[in-house]
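Accompanying notes for the structure given below.
The values are calculated or read from the model by the stated rules, or taken from the named source; none is laboratory data. None of the values given here were measured: they were computed from a predicted structure. As a convention, Cβ positions derive from the backbone with ideal geometry for all residues, glycine included, and neighbour counts pool all protein chains shown. SASA here: full protein model, heavy atoms, side chains in, ligands and nucleic acids out. Shrake-Rupley method; radii C 1.70, N 1.55, O 1.52, S 1.80 Å.
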Amino acid sequence: LKTAEDVLWNIPRDVLDLSHVAAVDDLTPDAVHTIKGRVVDLEQRRLSGGRTMATILFDCSDSSGDGFGGDKYIRGVWFNQEWVLKRARPGDAALIYGKCKKRMGRWEFSHPRLQWLEEDFEGARGQVLPKYRLTEGLSMHEMRRIARQTASDLADLVPDPLPPDYRESLKLPRL
């Protein structure tokens with residue numbers, strides 16, 4: 001990708017949709033869900049072979065809109081990624097995205113993606129994030145930042161391949 005036009009025509013291969021927030025009662029095993037919750041507890045364990053397991057317990061009782069205080073907890077589990085515990089503190093709010101399963105009577109997300117929420121927990125919705133093909137040395141976060149900045153600053157400079165009258169007749173948006 002050498003030009004702004006190259007970046008803008010680099011179409012995502014997929015999207016990660018975090019916008020549909022589920023209630024705990026609506027979770028289904030082995031399906032991908034987004035749920036919101038507050039950090040209740042953090043734990044790190046050493047496992048055999050020098051591995052580690054980091055867990056965060058989330059209170060998700062208000063994902064149904066009823067307020068906190070219920071018994072709807074889910075657990076996020078990460079293996080060999082103890083760095084995730086450095087970002088979380090009890091009371092922090094997050095959107096948790098990933099595949100869930102029931103384990104010992106409690107919903108568990110293995111290696112979920114977290115979107116930390118600063119404010120407006122009640123109205124929180126996740127983003128729809130593009131997933132790009134990457135090359136060595138370029139992270140997904142950085143590619144998204146480049147694409148977003150390029151679209152914001154330079155999209156109007158890239159020529160639209162459709163003639164304006166054709167685009168208008170079909171009610172198509174500008175490039």
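Given the criteria part of a strand (DSSP E or B) and modelled with pLDDT of 85 or more, does Arg75 qualify? Yes; evaluated as a whole, the condition is true for this residue. The set of residues in segment 7-19 that are surrounded by 11 or more Cβ atoms within 10 Å (Cβ to Cβ) and either without any contact (Cβ under 8 Å) to a residue 40 or more places away in the chain or assigned to a loop (DSSP other than H, G, I, E, B) (or both) comprises Trp9, Asn10, Pro12, Leu18, Ser19. If you filter segment 1-22 down to residues that are closer than 28 Å to Leu157 by Cβ and touching a strand residue (DSSP E or B) at 6+ places or on another chain (Cβ under 8 Å), you find that the one that is modelled with the lowest pLDDT is Val15. Regarding segment 28-43, can at least one residue be identified that is in a strand (DSSP E or B), surrounded by fewer than 14 Cβ atoms within 10 Å (Cβ to Cβ) and at pLDDT 90 or above? The answer is yes; a qualifying residue exists. Can you name the residue in segment 79-135 that is among the aromatic types (Phe, Trp, Tyr) and closer than 17 Å to Val39 by Cβ and, of all such residues, is modelled with the highest pLDDT? This residue is Phe109. Look through segment 136-163, keep the residues that are small (Gly, Ala, Ser) and part of a loop (DSSP other than H, G, I, E, B), and return whichever of them is surrounded by the fewest Cβ atoms within 10 Å (Cβ to Cβ). Per the stated criteria, the residue is Gly137.
Kindly establish whether Arg133 is over 19 Å from Ser61 (Cα atoms), open to solvent by 60 Å² or more (accessible area, probe 1.4 Å), touching a residue at least 60 places away in the same chain (Cβ under 8 Å) and part of a loop (DSSP other than H, G, I, E, B). For Arg133, the condition - over 19 Å from Ser61 (Cα atoms), open to solvent by 60 Å² or more (accessible area, probe 1.4 Å), touching a residue at least 60 places away in the same chain (Cβ under 8 Å) and part of a loop (DSSP other than H, G, I, E, B) - is met. Residues of segment 136-175 that are at pLDDT 90 or above and at positive phi: Lys171 alone.
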